[in-house]
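The values are calculated or read from the model by the stated rules, or taken from the named source; none is laboratory data. On a predicted model such as this, the values are computed, not experimentally measured, just so you know. Positions of Cβ are backbone-derived with ideal geometry, glycine not excepted, and every protein chain shown enters the neighbour counts. When the accessible area is computed, the model is the full protein with side chains, heavy atoms only, and any ligands, DNA or RNA have been set aside. Shrake-Rupley method; radii C 1.70, N 1.55, O 1.52, S 1.80 Å.
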Amino acid sequence: SSATIARLQEELDGQPSLRARCTLRAQPADVFDGLPLGAFDVVVVNSVAQYFPGANYLLRVLDGALDLLAPGGALYL
C-alpha cells in the first residue's frame, strides 16, 4: 500500500547506504511495468494473494513474477 511505502521510505531515509540500494513502489500485483525482466533472485507473493479477485488474476501475477526471475531464481507463494 502507499501508506506502507511512505512508512518504509521514512525508515530508509535514515539509512543512506541502504537507501541507495532500494527502490520502493506501490502498484497492482499484476502490473510489471518498469521492473527488469530476469533480474530478481527471489519473488515473494505473500498472504495478500488471498485478497486477489480471482484465479485468473493470481495466474497473471505468477506468470509475470516468473518472467522477473533470474535463472535459478525462486518464486515463493
Subject >> Matching residues in region 16-25 - criterion: being over 14 Å from the mean Cα position of the chain (by Cα) and either at pLDDT 90 or above or of a type outside the set (S, T, N, Q) (or both) >> reply: Pro16, Leu18, Arg19, Ala20, Arg21
Original post:
How many residues, within region 34-77, are surrounded by 14 or more Cβ atoms within 10 Å (Cβ to Cβ) and of a type in the set (Ser, Thr, Tyr)?
Top reply: 1
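Considering every residue within region 4-14, establish whether at least one is closer than 24 Å to Tyr76 by Cα, outside any loop (DSSP other than H, G, I, E, B) and among the hydroxyl-bearing types (Ser, Thr, Tyr). Write out each step before concluding.
We begin by selecting, within region 4-14, every residue closer than 24 Å to Tyr76 by Cα; these are 4-5, 8.
So of that shortlist, the ones also outside any loop (DSSP other than H, G, I, E, B) come out as 4-5, 8.
Restricting the remaining residues to those that are among the hydroxyl-bearing types (Ser, Thr, Tyr) gives 4.
Yes, region 4-14 contains at least one residue that is closer than 24 Å to Tyr76 by Cα, outside any loop (DSSP other than H, G, I, E, B) and among the hydroxyl-bearing types (Ser, Thr, Tyr).
Residues of region 21-33 being open to solvent by 90 Å² or more (accessible area, probe 1.4 Å) and either farther than 18 Å from Leu66 by Cβ or part of a helix (DSSP H, G or I) (or both), which ones?
Filtering region 21-33 down to residues open to solvent by 90 Å² or more (accessible area, probe 1.4 Å) leaves 21, 23, 25, 33.
Result: Arg21, Thr23, Arg25.
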**OP:** Could you tell me whether region 40-47 includes any residue that is more than 21 Å from Gly73 (Cα to Cα) and hydroxyl-bearing (Ser, Thr, Tyr)?
**Re:** no
Original post:
So which pairs qualify, if the first residue must be in region 62-76 and farther than 15 Å from Gly34 by Cα, the second must be open to solvent by less than 90 Å² (accessible area, probe 1.4 Å) and among the β-branched types (Val, Ile, Thr), the Cβ gap must be under 6 Å, and the two must be at least 6 apart or on different chains?
Top reply: Ala74/Val42; Leu75/Val43
